[in-house]
Amino acid sequence: MPDYIPLAQRKRSKQDTLRAKALRKEAPMEERLLWNALRENTKRSAIHFRRQHPIPPYIVDFICIKALLIIEIDGPSHDLRIAHDTQRDMFLGKLGYEIIRFPNEEVRNNLENVVKMILDRVHERIEILYAPRP
């Protein structure tokens, strides 16, 4: 088990939780597709994902806490927010998370491969994070 579990710089507020719940209800089709596929592919495993999870001051699309892996699904609005996304990724990276981004089109058109890439990376990260230390 890793010695360091990243924590956000401020506690999650009730407002963060309410916003995350609202985002879950308003999820675009691509996020719903990926969520259902991830749940289906991890039913009988120790891998667990959360969606629209607050890591203040941000809310991430999907996260596997055990692997410290965040998955972001980028729609057209992200084309206009490149600087914001870069700053956000740097902040989350400093907390120990790895971020993988997929465009909406890839989720829609190649869902099986997206899920495979995510699960492969989760297994790699878990191996690295939980490897026995000498």
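List of remarks:
- Annotation: amide H of Val60 within the under-5 Å range of His53, Ile55, sequence separation 5 or more or interchain, hydrogens built in the peptide plane.
- Share of Cα-Cα pairs in the stretch 25-129 lying beyond 16 Å, as whole percent: 56 percent
- Nearest-0.05 FRET efficiency for Ala27 and Asp85, computed from C-beta distance (R0 22 Å): 0.75
- Simple Cβ-charge dipole of the stretch 25-129, Lys/Arg +1 and Asp/Glu -1, about Cα centre, in debye nearest 20: 480 debye
- Near Asp74, the amide H atoms lying under 5 Å from its own belong to Phe102, Asn104; only residues 5 or more places off or on other chains count, and H is placed 1.01 Å from N.
- Protection-proxy order for peptides 104-114, 53-63, each taking the mean of Cβ atoms within 10 Å per residue, highest first: 53-63, 104-114
- For Ile99, the residues whose modelled amide H falls within less than 5 Å of its own, excluding neighbours fewer than 5 places apart on the same chain, are Ile70.
- Long pairs among Lys14/Lys116; Lys43/Lys116; Lys14/Lys94, criterion Cα-Cα beyond 26 Å: Lys14/Lys116
Read-outs: derived from the displayed coordinates by stated rules, not from any lab. Values in this document were obtained by computation on a predicted structure and should not be read as measured data. Cβ: placed from backbone, ideal geometry, glycine included. Neighbour counts: every protein chain shown.
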